[in-house]
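Reading through the structure tokens given below for one structure.
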Amino acid sequence: MILAIRRLVRDGSASSSAEFALVLPLLIVFLLGTIDVGRLLWTWNKAEKATQMGVRYAVATDMVPSGLQNYSFVVSGGLTQGDAIPLSSFGGVTCTSTSCTCSGSNCPASWTTSPNTTAFNAIVVRMQKFLPELTAAGVQVSYANSGLGYAGDPNGSDVAPLITVSIRPNTVTFRPITFALFKTTFNLPSFSAALTMEDGQGTVSN
């Protein structure tokens, strides 16, 4: 009996299997972690690309604050034909899926009371082609004074604002495979892209 126990203790024929069993969980975690890093970078890139394509669409189509698009800084703003639009006359307008808010000292009601929901939703639809899980509630479109444009422009809007399309914080959720058993999720930060408005009319794009 004692000899049998000694032989069992000294037997190393299955040691590799035992060692593999100890290392296997670490290898699996490492593999899943590597996959998760790739998935995170892929999701991050999709969100960035969605904002880039969203703003590219926004600069060539109708403005979301429709009152700003048709606002005359000569008739209603008190400027002279050909004047550059100062920051005091136009600070900026930020729009979400439900409303628009104005910043600055000059905030006509028409800039915020009648947002163009069709234009906003068209931007969202464009972004969803790159980030399908995105919803309208997670998108924000801002129009800021860029110093371009002049009062009384006969060919379109008086202002050519800097348009920023953003995905709001905590809108994009990442679910790692590594922690799937714990149902762990991570909210990604905000993403944004900006371009200066082009025609802002969208005769063709709309």
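Based on alpha-carbon centroids, what's the gap between the stretch 26-44 and the stretch 125-141 in Å, whole number please?
Here the answer is 25 Å between Cα centres.
For residue 199 and residue 42, FRET efficiency with R0 = 41 Å and r from the beta-carbon atoms, rounded to 0.05? Show your work: numbers first, answer last.
Numbers: r = 34 Å, r/R0 = 0.83.
About 0.75, to the nearest 0.05.
So what's the Cα pair-distance distribution over the stretch 133-206, bin width 5 Å, in %?
3, 13, 16, 15, 14, 11, 8, 6, 5, 4, 2, 1, 0
For every helix of n ≥ 4 consecutive DSSP H residues, a contribution of -39,500 (n - 2.57) applies; sum these over the chain, divide by its total residues, and give [θ] at 222 nm rounded to the nearest 500 deg cm²/dmol.
The per-residue figure over the chain is -11500 deg cm²/dmol.
Collect residues whose amide H, placed 1.01 Å from N in the peptide plane, falls under 5 Å from the amide H of residue 172; neighbours closer than 5 in sequence don't count.
188
Hey, what angle do you get for helix 117-128 against the long axis of the chain, alpha-carbon based, 0 to 90 degrees rounded to 10?
Long axis of 117-128 versus the principal axis of the chain: about 30 degrees.
With each label point set 7 Å from Cα along the Cα-Cβ vector, what nm distance links residue 72 and residue 113?
Going from the residue 72 label point to the residue 113 one covers 1.9 nm.
Taking 1 over the mean of 1/r across every pair of different Cα atoms in the chain, what Kirkwood radius in Å do you get? Don't skip to the end; give the middle numbers.
Working: mean 1/r = 0.0490 Å⁻¹.
About 20.4 Å for the chain.
Express the relative contact order of the chain as a whole percentage, based on alpha carbon pairs under 8 Å and six or more residues apart in sequence.
So the answer I get is 27 percent.
Just so you know, all these numbers are worked out from the coordinates, no wet-lab data involved. Treat the numbers as computed from the prediction; the structure is a model and nothing was measured. A quick note on method: Cβ atoms are made from the backbone with ideal geometry, for glycine too, and the neighbour counts reach across all protein chains shown.
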